[in-house]
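Asker: Structure incoming, see below.
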Amino acid sequence: MAVFQPFDKLPVLNSATLLLVGSDRGLQQELAKAMLQEKKSFKISIHLATSLPLPSEGDHLRPRIDLIVFMIDVKTKYSLKNVEASLAHVAASFFLGKVCFLVTGVGRVNYCSVEMSSIWKLGEVYCSPVLYCELELERTRVATAQRLLRMLQICAGHVPGVSALTFNFMLRNSY
Amino acid sequence: MAEGGQEQQPSEDRERAMAAVDVFYLLRVRDQMKQQLLECSAVADADKAAVSHHAGKERPVQIAIEDYKKGIENEIVSFWTKTLALQRIQITAALRDKMKQNDNDSQLILEAVQDIVKLSEAIAAYQQQAREKEQKVADIQRQRLLLKKVGREKLKQIHDMMRKLKETQATGEVKTLEEMHTAYQKERKITSIIQNVLQCIIIGSRVNWAEDPSLKAVVLQLEKNI
Amino acid sequence: GVVLRPFLVMESLDGAARTLPSIGRLSWGLPFGRAHGRCGLSPSGGLLLQKNLDSQAVAFLLRKRWALYSVTPLYKFSSAHLKAYAKLLSAYIAAEKQNGLAVEVGVELDIKVAISCLPDLKGSEQDEAAVLVQLSLRPQASQKKSEEKVVWSGWFCSVCGDDLSKNMPADFTCLPVFLANGAESYTSIVGSWFQKMFDCCFHHLAISPLNLSWMAAMWTGCKLEENASAMELVFSVPSLPQSLDISYAIHAEDAKALWDTVQKTPGEITQEEVDVFMDCLYSHFHRHFKIHLSATKLVKVSTAVASAHCDGIIKLGLSRQYFIAAFQRKLLTLALGQK
């Protein structure tokens, strides 16, 4: 069982890496596209995965991962189960601010197949922020992309004086 | 499990980035690196602190105190031996002076000294005898020890023999068990493959298996994991 | 746990005078774990209802497709004036039919409106009595003998909303669930009349897959009659070029046996139990067809007791004995949780 470590590799100059984990590839790609279209002052690479662990063959080629985003679609229970299974492969130190849960499909209560409380519980147990959005709407998708980019910037250590842990703490306290 | 990396920085973009390398860019990158260094060192410190949490500073002091105590004791002992030696030298010097006077007293002292010499010789002879006897006792003890050792080795050899005998018996059983297990696993795999194939055939044939009771029984049977 | 107790809703009602605020989260429940997410299946109210249901008065409610609506509290509604309301409503309908031309109240019209109370449909003593609205075509003068034909019917109800009626400000009547059967045009006319008359608001009430699975579990747990029809779950597969529906039928006895092993305390349903029940069904399906049903959307649940569609259409089953309070309470919570 390969476990990820947040600090086992050195950062690359002026670049950041995001890992998107989710069962819906279409939504993942839409979000990744939106993030790439944003204007930004640093290089980013986005890795898409349907589940963890990542194959160990590519381990040496993979840059340091600064932020893991787990995508949960409230319309399918499978996405939640998939995320829950993947979480076991992430090292504990990642949860010091380098993980966030992205819940999509919010606002479609009538299509809801997932209990919201189990999602809150997930955020609470893993000490990580839960972001709610609707990726199928253009505007919220763009806003979410901007938000994630900003988080990524902080998690990659590009913002002097703010570490991922500080940010995580502030975010969780503001709920 | 599939993972797709997307490296996006078109070449023209990169050129523009190269052109944009100015003082501000460098300052920004310097700040980034400082922040990253800070984070990494924080993590490293945290790890180190976790490892050497219990090691205190009191130990070296205690060790030094012990060392000094030992030194003081040694000094005291050497002081005493030196005083004793000095006293002996003083006494012999006094005796020698007395004997040089050659009077009645010195005659007595000479006799006493001669007696002492004789007695000392006798003591030395007895000591020699005692040493020889001790030597003999030690020899005997050594021989006994040797015998004991040999005996123990023999016992060990016997034990080893016994164990080897038992092992050879046991490995035979284990081997057969292992063979049986591998055969069992192989059969299990084959059966599950056959099950899946059969299931797929039934599903693929688009027969409504729920209608035929015997076919339904077969299909429901296939669900069971062996 | 899904919170089914209306008191949680009530807390937010205190300050709100006219319309129920959007309290979508309440229907999903705040707390976790068994202790909170419970629904009593047969509190005293349920028993009361079952006892009364033997009367013929409510027999017509069964075996019909009902579209669900949620309704905000009615302002200055009084069950003493039902006859006057009926006259006004029939005049309004006639006026609508004539494109807004005024019509004299009290004259004999094509469509007869009857508004009546259904005192039997009560979960507890504190509940407001259900209100039934029926539209029927008046027989032509030439054929006097023919019976009046009911073309549309709808009813408001509130079951086991004790705290609801207690905390309601004066002049308000809380009947949060509205069920309609008949042509859509009548529904909209009647709805708009109620809206104007009592300053309330109707919303279409859709049922989310999560709640559908709740209902599936709840109905499975009901006592079976001989030869009960099979339980059927319909799933739709999202994000495919052409729509694909999966129908999954389970023998009623088998489903009941499974539910009995899952349910820990009889008379109570927790979210965990529902999850386990559905997961068992899904994994059985996955073994045979290698399809993850949890990745699809549950669209319809139908059992011998009742059936429900995610678009908010329910059909009450063949046996009236299971016209249970818990089901209505569930609807009540849904209605209150609706935006």
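The values are calculated or read from the model by the stated rules, or taken from the named source; none is laboratory data. Since we're looking at a predicted model, the values are computed, not measured. Methodologically, a virtual Cβ is constructed for each residue, glycine included, from the backbone with ideal geometry; neighbour enumeration extends over all protein chains shown.
Asker: List the pairs whose first member sits in the range A:159-174 and is more than 14 Å from every other protein chain (Cβ to nearest Cβ), whose second member is buried (at least 16 other Cβ atoms within 10 Å of the Cβ) and among the hydroxyl-bearing types (Ser, Thr, Tyr), and whose Cβ atoms are under 9 Å apart, counting only residues at least 6 apart or on separate chains?
Answerer: Between residues of the range A:159-174 that are more than 14 Å from every other protein chain (Cβ to nearest Cβ) and residues that are buried (at least 16 other Cβ atoms within 10 Å of the Cβ) and among the hydroxyl-bearing types (Ser, Thr, Tyr), the close pairs are A:172/A:128.
Asker: For the range C:265-292, what are the residues that are more than 13 Å from every other protein chain (Cβ to nearest Cβ) and either touching a strand residue (DSSP E or B) at 6+ places or on another chain (Cβ under 8 Å) or part of a strand (DSSP E or B) (or both)?
Answerer: Correct list: C:267, C:268, C:269.
Asker: Scan the range A:66-102 for residues that are modelled with pLDDT of 90 or more, under 24 Å from residue B:40 (Cα atoms) and of a type in the set (Val, Ile, Thr) and jot them down.
Answerer: Matches in the range A:66-102: A:68, A:69, A:99.
Asker: Do we find that residue C:312 is modelled with pLDDT under 90 and touching a Ser or Thr at 6+ places or on another chain (Cβ under 8 Å) in this structure?
Answerer: Against the criterion (modelled with pLDDT under 90 and touching a Ser or Thr at 6+ places or on another chain (Cβ under 8 Å)), residue C:312 does not qualify.
Asker: Which residue is farthest from the chain's Cα centre (by Cα), if the candidates are limited to the range C:293-314 and must be in a strand (DSSP E or B) and within 14 Å of chain A (Cβ to nearest Cβ)?
Answerer: The residue in question is C:297.
Asker: Among the residues that make up the range C:202-216, is at least one of them surrounded by fewer than 20 Cβ atoms within 10 Å (Cβ to Cβ), away from chain A (no Cβ under 14 Å) and touching a residue at least 12 places away in the same chain (Cβ under 8 Å)?
Answerer: Looking for residues that are surrounded by fewer than 20 Cβ atoms within 10 Å (Cβ to Cβ), away from chain A (no Cβ under 14 Å) and touching a residue at least 12 places away in the same chain (Cβ under 8 Å), one finds at least one in the range C:202-216, hence yes.
Asker: For the range A:1-13, what are the residues that are within 11 Å of chain B (Cβ to nearest Cβ) and either in contact with a Lys or Arg (Cβ under 6 Å, 6 or more places away or on another chain) or of a type in the set (Val, Ile, Thr) (or both)?
Answerer: A:6, A:9, A:11, A:12
Asker: Right, another one. Counting only residues that are among the acidic types (Asp, Glu) and outside any helix (DSSP H, G or I), which one in the range A:116-140 is surrounded by the most Cβ atoms within 10 Å (Cβ to Cβ)?
Answerer: Filtering the range A:116-140 for residues that are among the acidic types (Asp, Glu) and outside any helix (DSSP H, G or I), the one surrounded by the most Cβ atoms within 10 Å (Cβ to Cβ) comes out as A:134.
Asker: Do we find a residue being basic (Lys, Arg) and touching a residue at least 24 places away in the same chain (Cβ under 8 Å) anywhere in the range A:33-52?
Answerer: yes
Asker: Would you check which residues across the range C:139-198 are among the aliphatic types (A, V, I, L, M) and modelled with pLDDT under 80 and list them?
Answerer: Within the range C:139-198, C:141, C:159, C:164, C:168, C:170 qualify.
To keep it simple, each residue is scored yes or no on (1) within 12 Å of the chain's Cα centre (by Cα); (2) buried (at least 23 other Cβ atoms within 10 Å of the Cβ); (3) small (Gly, Ala, Ser).
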| residue | (1), (2), (3) |
| --- | --- |
| A:37 | no, no, no |
| A:43 | no, no, no |
| A:50 | no, no, no |
| A:55 | no, no, no |
| A:68 | yes, yes, no |
| A:88 | no, no, yes |
| A:97 | yes, yes, yes |
| A:102 | yes, yes, no |
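Asker: Another question, then. Mind counting the residues in the range A:141-175 that are more than 16 Å from the chain's Cα centre (by Cα) and part of a helix (DSSP H, G or I)?
Answerer: Residues meeting the conditions: 4.
Asker: Which of the residues belonging to the range C:218-233 are within 14 Å of another protein chain (Cβ to nearest Cβ) and either surrounded by 18 or more Cβ atoms within 10 Å (Cβ to Cβ) or under 30 Å from residue C:73 (Cβ atoms) (or both)?
Answerer: If the condition is that a residue be within 14 Å of another protein chain (Cβ to nearest Cβ) and either surrounded by 18 or more Cβ atoms within 10 Å (Cβ to Cβ) or under 30 Å from residue C:73 (Cβ atoms) (or both), then C:233 is the only one that fits.
Asker: Just one of C:190, C:234 is outside any helix (DSSP H, G or I) and β-branched (Val, Ile, Thr); which is it?
Answerer: Matching residue, one of C:190, C:234: C:234.
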